[in-house]
Amino acid sequence: MDQHVISVIVENKPGVLARVSSLFARRGFNIHSLAVGPTEDPKLSRMTVVVDGPAMEQIVKQLYKLVHTVKVTEHDRDNTVEREVMLLRVNAEPKRRSEIFDAAALFEARAVDVGASSIAFELTGDPRRLADFLELMRTYGIVSLVKSGRIAIAKDTKGTTRKRRLKTA
Amino acid sequence: MAEELSGAQALIKALEHEGVDIAFGVPGGAILPAYDPILDSSIRHILARHEQGAGHMASGYAHATGRVGVTIATSGPGATNLVTPLQDAYMDSIPLVAITGQVAMSSIGLDAFQEAHTWGISMPCTKHNYLVTDVNDIPDVIREAFHLAATGRPGPVLVDIPKDVLAAAMVWHRPGELDLPGYKPSIKGHPKQVRTAIDKIFDSIRPVIYAGGGIVRANASAELIRFAELIDAPVVTTLMARGVIPDSHPQTLGMPGMHGVYAATTAMQRSDLLIAIGARFDDRVTGDPSKFAPLAEVIHVDVDPAEIGKVRNADVPIVGDAKAVLEQLIVAAEAKASKRPLAGREEWYATVRGWQQSHPLAYEQDPDGPIQQQYVIEELHRLTGGDAIVVAGVGQHQMWASQFWKFEAPRTWINSGGLGTMGYAVPAAIGAKAGRPEATVFAIDGDGCFQMTSQELITAAVENIPVKIAVMNNHSLGMVKQWQRLFYGERYSATDLTDHTPDYVKLAEAMGCAGLRAETPDEVAPTLEKALAIDDRPVVVELRCDPDAMVFPMVPAGGSNDDVVMSEEEL
């Protein structure tokens, strides 16, 4: 099913996360991930929600019905920078360590903890890169996996679109 | 000079500022502080016997008057008993403000006595809700609550206030400017969409106006009638919109849908253009939505953008208040009419009139047989001259009332549409009568419904609110029984009330009301006349009705509206 990334700007009020998650539950919308944090304006928070499914118009409209929702934007995936943080612990017997470090270096994953029989890596990047790294690490055996949920910011495309329009005109 | 008040005093003062004249409630521990200043206020408090009753009374009041209904309850069970009226009001877009007490802030989360997570419980069944944690917020929160309840798409708003916040001291201040950056309901429709709508309307040869409850909420009855006449389109009125255009108006076809009038349902099915205004394509109207009005383009006017495209795609979406958009449509239609004529409607009206003649609403009252509910409704209409507010519960009696009463004005028909709340009629009638004491308020109730909330007649008697209740006693949960007869091989599981029926006359008298009974058709009119003559106390009229009667027309649940069934034989 299609994945959609939406940014929801909400008033920074108590319970607003509960309102959004309750809305998704009662309208039967499926949340893939949800990340919340402050914005440049202390009165506002931004939620980045990744949702599965086709009913985007309803989701956006229902979100707007919440009194504390100020703005909802669905991201155009081609013009959006998406990031996610992953913490991953893999089995690492001493004899396979150098091999694992080499693989991690390819992805610029950082070792954040090295134990007797396992290593924990941190990797930040777009979701596809995280998925590729995860796939590679599976061969060694994954002990535990933590993901932050996706955050997204729109690219500044003002200049580029104008140029494109001028060319085609 | 700054006026120092308790939170409770500030609450009551804020309610007075909102123009609240009546509040329906039940006190208790956590809300106790708020009940003290009520004694000194201009607000009339009506003590219900159950919080559900208080909530439905506030709803009936709001339905009948167009003002915000107010209900007050304590924490825990008081608040949880309000859940049904809140959800009921949410589904039917009724403006309510519910004030609930909460345990003291220091006890929240400790499973204190009569603690419930009212904010969380009420979130999905309110338009918005509050937990007030600072006494100084009370004036602004009450202002916001009334604003949210009454504007945009109206709905219930709950304000939960801990006992210590009610008891704390504050310096009174008038509420400031509303600070709701995320709440800006559209009023006017987009002018371009309005023009597109008018173009389609002028080209349409089989238009139908699909009038919903939103028109009642927006007080746009006069505008609807003017618009309908200008564009010469037949009008169907949903269960929530009965009376928004008079049933005597030649363009009115009546209620469409599951138990709707054949001509209304079928006109929508054959229409080339549905003009939906303040309606939400409810499943009781559409039947199987994939087979609903297959030939029609849709113009959809609604104040709530989320309703547009939710069930049925709109070819011309118009977000805005029904009254404001109808005014725009009228201006645009007048301008257009000066340039070109409407497409011919003669053939369409001839077809629709044919359906009205071939498939009328019908019943037979055998003078020696049991009383038919339709007959009671028609007799009551005759005896009152139709000048009454009719309130219904949920079930067969509700459908017959909506079919057979001839509604001539908005806000004369009060019922639970979306949620289908059995037991709604008695308390809603009390609320309506409290809000409009000059009107005759007659509830048409079923015996199943009546037994759910009849205790509120004590409230009516004590508070001198002389409502009249017709209990259509068919000794059964009639609508459920009808489905068992038609779809469950006549296996009547848990729908027979014969062995458990109270003596309604004695019950009425025990509650301080007059009790009357009609057992045969010839007793109906004289008994109703007696009921209408009593005005010093509530009246309960028990009518012993046919236990085997069924509501038709009928579209079986999930079926297509092309397959309207007029009788049991057709199934």
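The values are calculated or read from the model by the stated rules, or taken from the named source; none is laboratory data. Because the structure is predicted, anything quoted here is derived from the model rather than measured. No Cβ is skipped: glycine too gets one built from the backbone with ideal geometry, and neighbour counts run over all protein chains shown.
Brief remarks on what is shown
- Subset of the stretch B:254-290 [in a helix (DSSP H, G or I) and either in contact with a strand residue (DSSP E or B) (Cβ under 6 Å, 6 or more places away or on another chain) or basic (Lys, Arg) (or both)]: B:Ala263, B:Ala264, B:Ala267, B:Met268, B:Arg270, B:Arg284
- Verdict on B:Leu180 being of a type in the set (A, V, I, L, M) and in contact with a strand residue (DSSP E or B) (Cβ under 7 Å, 6 or more places away or on another chain): no
- For the stretch A:123-144, a residue qualifies if it is in a strand (DSSP E or B) and more than 15 Å from the chain's Cα centre (by Cα), and the qualifying residues are A:Ile142, A:Val143, A:Ser144.
- Residues that are in contact with an Asp or Glu (Cβ under 9 Å, 6 or more places away or on another chain) and over 20 Å from B:Val298 (Cβ atoms), drawn from the stretch B:240-257: B:Gly243, B:Pro246, B:Asp247, B:Ser248, B:His249, B:Gly254
- Residues (more than 13 Å from every other protein chain (Cβ to nearest Cβ) and either free of Cβ contacts under 8 Å to residues at least 40 places away in the same chain or not charged (D, E, K, R) (or both)) located in the stretch B:175-191: B:Pro175, B:Gly176, B:Glu177, B:Ile187, B:Gly189, B:His190, B:Pro191
- Selection count where residues are closer than 18 Å to B:His56 by Cβ and either of a type in the set (Lys, Arg) or in the same structural domain as B:Val68 (by TED's automatic domain parsing) (or both), scope the stretch B:432-486: 3
- Among the residues of the stretch B:331-349, those that are under 19 Å from B:Glu223 (Cβ atoms) and buried (at least 17 other Cβ atoms within 10 Å of the Cβ) comprise B:Ala332, B:Ala333, B:Lys336, B:Leu342.
- Hits in the stretch B:111-130 (condition: under 24 Å from the mean Cα position of the chain (by Cα) and either on the phi > 0 side of the Ramachandran plot or at pLDDT below 95 (or both)): none
- The residue of the stretch B:101-116 that is surrounded by the fewest Cβ atoms within 10 Å (Cβ to Cβ), among those that are in contact (Cβ under 8 Å) with a residue 60 or more places away in the chain and part of a loop (DSSP other than H, G, I, E, B), is B:Phe113.
- Matching residues, the stretch B:305-337, being β-branched (Val, Ile, Thr), without any contact (Cβ under 8 Å) to a residue 24 or more places away in the chain and either touching a Cys at 6+ places or on another chain (Cβ under 8 Å) or assigned to a helix (DSSP H, G or I) (or both): B:Val331
- Looking only at the stretch B:473-518, and only at residues there that are polar (S, T, N, Q) and in contact (Cβ under 8 Å) with a residue 12 or more places away in the chain, the one that is farthest from B:Gln451 (Cα to Cα): B:Gln482
- All of B:Ser41, B:Ser59, B:Ser93, B:Ser75 fail the test of being polar (S, T, N, Q) and either surrounded by fewer than 20 Cβ atoms within 10 Å (Cβ to Cβ) or touching a His at 6+ places or on another chain (Cβ under 6 Å) (or both), apart from B:Ser41.
- Listed by position, the strands (runs of 3 or more DSSP E) inside the stretch B:1-100 whose residues that are charged (D, E, K, R) number at least 1 are B:4-6, B:44-47.
- Pairs linking a residue in the stretch B:50-67 that is under 12 Å from B:Ser93 (Cα atoms) to a residue that is part of a helix (DSSP H, G or I) and of a type in the set (Val, Ile, Thr), with Cβ atoms under 9 Å and 6 or more positions apart or on different chains, are B:His63/B:Val216; B:Gly66/B:Val216.
- Selection status of B:Val352, in a helix (DSSP H, G or I) and modelled with pLDDT of 95 or more: yes
- Hits in the stretch B:431-479 - residues which are touching a Phe, Trp or Tyr at 6+ places or on another chain (Cβ under 9 Å) and polar (S, T, N, Q): B:Thr453, B:Ser454, B:Thr459, B:Asn473, B:Ser476
- Of all residues assigned to the stretch A:74-93, none qualifies as being within 14 Å of chain B (Cβ to nearest Cβ), surrounded by 19 or more Cβ atoms within 10 Å (Cβ to Cβ) and in contact (Cβ under 8 Å) with a residue 40 or more places away in the chain.
- Residues that are surrounded by 24 or more Cβ atoms within 10 Å (Cβ to Cβ) and among the hydrophobic types (A, V, I, L, M, F, W, C) within the stretch B:47-56 comprise B:Ala48, B:Ala54, listed in sequence order.
- Of residues in the stretch B:86-145 being among the hydroxyl-bearing types (Ser, Thr, Tyr) and within 14 Å of another protein chain (Cβ to nearest Cβ), the one nearest to B:Leu166 (Cα to Cα): B:Thr133
- Residue that is surrounded by the most Cβ atoms within 10 Å (Cβ to Cβ) [pool: residues in the stretch A:47-72 that are away from chain B (no Cβ under 14 Å) and closer than 18 Å to A:Glu11 by Cα]: A:Val49
- Matching residues in the stretch A:20-46 - criterion: being facing chain B (nearest Cβ under 10 Å) and hydroxyl-bearing (Ser, Thr, Tyr): A:Ser22
- Hits in the stretch A:62-120 - residues which are assigned to a strand (DSSP E or B), under 23 Å from the mean Cα position of the chain (by Cα) and of a type outside the set (Val, Ile, Thr): A:Lys71, A:Glu74, A:Glu82, A:Arg83, A:Glu84, A:Met86, A:Leu87, A:Leu88, A:Arg89, A:Arg110, A:Ala111, A:Ala120
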